[in-house]
Amino acid sequence: MSDFELIEKYLSGKLSAEEKKAFRNRLLNDPAFNQEFQELKDIRLSVKQKARQDVKDLFNEFEMRIEKEETTKDQTVMKKVISIAASIVLIAAITYVGLTNSSSLNNQELYDKHYTTYNNLAGQVRGAATEALTLEQQAMVAYDAGNFEAASETLSQVVTMQPSAMNYFYLGVSQMEIGESEEAIKSLNSVVNNFSTFKEQARWYLALAHLKNNDEKAALGNLAHILVNKSEYKEKAEAILEDMGLSFDETEMDNGPVVQVEQRPRERNTPDGSDVDNTLGQRRYQFGVVTNLAGDKEFQFMTDDPIEDLTEGDLAVFMVFEKSRGKGRSKMGWAFVLDKM
């Protein structure tokens, strides 16, 4: 199998777990292969985006022709001919680039487009022999070198001894880099639920990890939190929503009853039943359904930052995602719950 075929199979999700592991190891150890992968990934995404734009431009051109056409008895026939031609071109374009939705990128494409490696702002470690470095410093050296497999392995040990926001955050990003999105979600969720620092960074990467894991509702919950709290990642969150064909107005609030709510884990206590909080290393999240006051519209919600003591029957304040494409705007079935009233 050629490198081109191997990369195409990886991007299409057709490799087995063992093949993916071997693929990622090669990315880490073969700079030329890594460069080829990045170039082909960018080309693949650009082709799909270009095809979508070409289809939109074609329809706009047809529409302008119809508007300019003089009123004649044959105009109705002309419209039908152009409509049929446009439909044929659209079907051909969709078939060619393998699209199922011409108006938005799929979750993997969104991840590929918006994900960038987090720069180590904690400072690089230089001038000391490896054996003289602490485990935490060794992990940062590996992270700076792009050896995320080693960084992940070392930080997994570090967080058991030094469970800090920084260590969990860099562990989560390292896990994302090697394709372990489920483990990354746990690590980044630990930052959100247990620490006061690195929260903004963790939420952004948590949203991306959920997209990678194909959990759109969880991703939207974190993107909404970023927008509501005017995070430094606000523009990035808006860019993803635009690519998804969604909008979110953080000033437009609604309220209504909570008709369903569940939380995992159900209790924050340790397994032995003590009162000491211990959610480090495990994912803590909340999901459910709210309705408007009239009771005729339901909205699902999902958050990695549970609202304490939220129960069924509580009145909640929430905001709703809307479709931002097509004719007019319509509310989606997803909401972000701010708090209970």
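The values are calculated or read from the model by the stated rules, or taken from the named source; none is laboratory data. It should be emphasised that the depicted structure is a prediction, and the values quoted were computed from it without experimental measurement. Please note: Cβ atoms are built from the backbone with ideal geometry, for glycine as well, and neighbour counts cover all protein chains shown. For accessibility, only protein heavy atoms count, side chains too; no ligands or nucleic acids. Shrake-Rupley method; radii C 1.70, N 1.55, O 1.52, S 1.80 Å.
Counting only protein chains, not ligands or nucleic acids, how are D42, D144, D296 ordered by accessible area (probe 1.4 Å), most first?
Details: D42 85, D144 55, D296 110 Å².
Output order, biggest surface exposure first: D296, D42, D144.
For the range 170-233, with only Lys/Arg (+1) and Asp/Glu (-1) charged at the beta-carbon, what is the dipole magnitude about the Cα centre, in debye rounded to 20? Numbers along the way, then the final one.
Details: 6 positive and 8 negative charges, 51 e Å.
In debye, rounded to 20, the range 170-233 gives about 240.
Quick check: residue separation of L133 and E39 times 0.36 nm, minus the Cα distance between them. What number comes out in nm?
Residue separation times 0.36 nm, minus the Cα-Cα distance, leaves 30.3 nm.
Of the cross-linked pairs K236/K323; K14/K212; K41/K113; K41/K199; K113/K234; K9/K41, which ones have a Cα-Cα span greater than 20 Å in the structure shown? Let's see the in-between values first.
Numbers: K236/K323 18 Å; K14/K212 15 Å; K41/K113 9 Å; K41/K199 30 Å; K113/K234 16 Å; K9/K41 12 Å.
Check vs 20 Å cut-off fails for K41/K199.
Can you tell me the length gained on complete extension of the stretch A32 to D243, counting 0.36 nm per residue apart and subtracting the Cα distance?
On the way: separation 211, 0.36 × 211 = 75.96 nm, distance 3.07 nm.
So the extension gain works out to 72.9 nm.
In nm, give the distance between the simple-model label positions of E8 and T251, each being 7 Å from the Cα along the Cα-to-Cβ direction.
In this crude label model, E8 to T251 measures out at 5.0 nm.
Taking the dipole about the Cα centre of the range 179-251, with the C-beta of Lys and Arg at +1 and of Asp and Glu at -1, give me whichever of L208, G221, S190 is farthest to the positive side.
After comparing all options, I get S190.
Taking a label point 7 Å from the Cα of D339 along the Cα→Cβ vector, which residues of the range 231-266 have an amide N closer than 20 Å to it?
Zone members listed by number: 231, 249-259.
Using a 7 Å offset from the Cα along the Cα-to-Cβ direction at both A294 and E308, what is the distance between the two label points in nm, to one decimal?
3.6 nm
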